[in-house]
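Read the structure below first, then the notes.
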Amino acid sequence: MTMLDRMASEQIASEQLARGARGAPVRERAAARPGPARTPAPLAGPSSPWRALREDARFAYALRHPGGRGGWWARAKVLAGARGLHLLAIRRVGSAALAWGSASGSLRPLRRGARLGAILALRAGEVLFKSSITAGAVIEGGVYLSERGHIIIGPRSMGAGTIVHDHVTIGRGALPEDKPDIGRGVWIGPRCVIFGRIRVGDGATVLPDTVLSVSVPAGAVVQGNPARVVRREADHGALRRGLAAACGSPPGTGAG
């Protein structure tokens, strides 16, 4: 077996493990991994990688040009320079190509080439962007990942409108059923670590340098190590904008 075949087999096994654990009956998962009950995330994932990418691109553009100002040249600059968008593109298209290449059917040489090409692209993306998105993560279209990299995205699910800054680790190294669910419209500041069988509610704000291992209600602001709720507000816009400015991030990444 060649090195490329081994790489493909490892990646396929990881994808199958994630899908199998996510689709296993609740009773079987509870017996295998006892722990607190958790309501499944209402995320089915994007219907196609291309639709998800369009939503990612629109979100990235809207963050840099609120109100749609800028024209085609501004859109081209966003597409060319948004490294987080490129990472999402590699993961979304690479995973789809890997699934197609691993399926049985005709065009076996072409499927084999697609499978190995996807593996190489996924590995190259990790090296190039100093970031990774783990297999099996269900990520809705329309999320933002920092251009500064050093991000490990390994949740069970992540909702649209979520913003992830640099040097963030989410759910890395855990079994699929023990990974966090990140809701929609969540803002995750730099240098945060989020892990465990937890739910981060819609619209929550995780302040920089937070280590989070407990569930967070929707609309809460959490901070610290261990994390605790420090504020409950319906609108975190001003707080997020100030933090984004302090982090040197694009102004729109403080949207709330």
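The values are calculated or read from the model by the stated rules, or taken from the named source; none is laboratory data. Here the structure is a predicted model, which is why all the values come from computation and not from measurement. Note that each Cβ is placed from the backbone with ideal geometry, even for glycine, and that neighbours are counted across all protein chains shown. We work out accessible area using only protein heavy atoms, side chains counted, and drop any ligands, DNA or RNA first. Shrake-Rupley method; radii C 1.70, N 1.55, O 1.52, S 1.80 Å.
A simple rule links phi to the HN-Hα coupling: the Karplus curve 6.51 cos²θ - 1.76 cosθ + 1.60 with θ = phi - 60°, which for the stretch 210-226 gives 8, 10, 10, 9, 10, 5, 10, x, 4, x, 8, 10, 10, 7, x, 9, x Hz, with x for Gly and Pro.
Note on the stretch 48-204: the alpha carbon radius of gyration divided by the globular reference 2.2 N^0.38 Å gives 1.07.
Computed from backbone phi with θ = phi - 60° and the Karplus coefficients 6.51, -1.76 and 1.60, the 3J(HN,Hα) list for the stretch 80-91 is 7, x, 7, 5, x, 5, 5, 4, 4, 4, 4, 5 Hz; x is used for glycine and proline. Gain on full extension, evaluated as 0.36 nm per residue between R51 and W72 minus their Cα-Cα distance, stands at 5.6 nm. Solvent-accessible surface of the stretch 183-256, averaged per residue with a 1.4 angstrom probe and all protein chains in place: 43 square angstrom.
How much net charge surrounds A82 when only other residues with a Cβ under 11 Å from its Cβ are counted (Lys, Arg +1; Asp, Glu -1)? Result for the local shell: +2. Taking packing as the residue-averaged number of other Cβ atoms within 10 angstrom, the listed peptides 145-158, 91-104 run from highest to lowest as 145-158, 91-104.
In this structure, L120 and R191 have a Cβ-Cβ separation that, at R0 = 35 Å, corresponds to a calculated FRET efficiency of about 0.70.
Summing +1 for each Lys or Arg and -1 for each Asp or Glu among the other residues whose beta-carbon sits under 12 angstrom from that of E147 gives +3. To put it simply, the accessible area of the stretch 54-192 at a 1.4 Å probe is 61 percent carbon and sulfur.
Amide H to amide H, with H built 1.01 Å from N, G161 comes under 5 Å of V143, G185, counting only residues 5 or more places away or on other chains.
Here the translational diffusion coefficient of the stretch 200-256 follows from Stokes-Einstein with Rh set to the Kirkwood radius across Cα pairs; for 37 °C and 0.692 mPa s it amounts to 287 µm²/s. Length gained on full extension, R58 to V214: 53.0 nm, using 0.36 nm per residue less the C-alpha separation. Our note on the geometry: Cα centres of the stretch 188-235 and the stretch 126-186, 15 Å apart.
Between E233 and L79, full extension at 0.36 nm per residue minus the direct alpha carbon distance yields a gain of 52.1 nm.
Using the Cβ of G219 as centre and a radius below 14 Å, the other residues enclosed give a net charge of +2, where K and R count +1 and D and E count -1. Note: the stretch 173-237, Cα convex hull, 74 Å³ per residue. 3J(HN,Hα) along the stretch 103-116: 6, 7, x, 6, 6, 4, x, 5, 5, 4, x, 5, 5, 5 Hz, from the Karplus curve 6.51 cos²θ - 1.76 cosθ + 1.60 with θ = phi - 60°, whole Hz, x for Gly and Pro.
Round to the nearest 0.05 the FRET efficiency obtained for N225 and S106 when R0 = 41 Å and r is the Cβ-Cβ distance. The value I calculate is 0.15.
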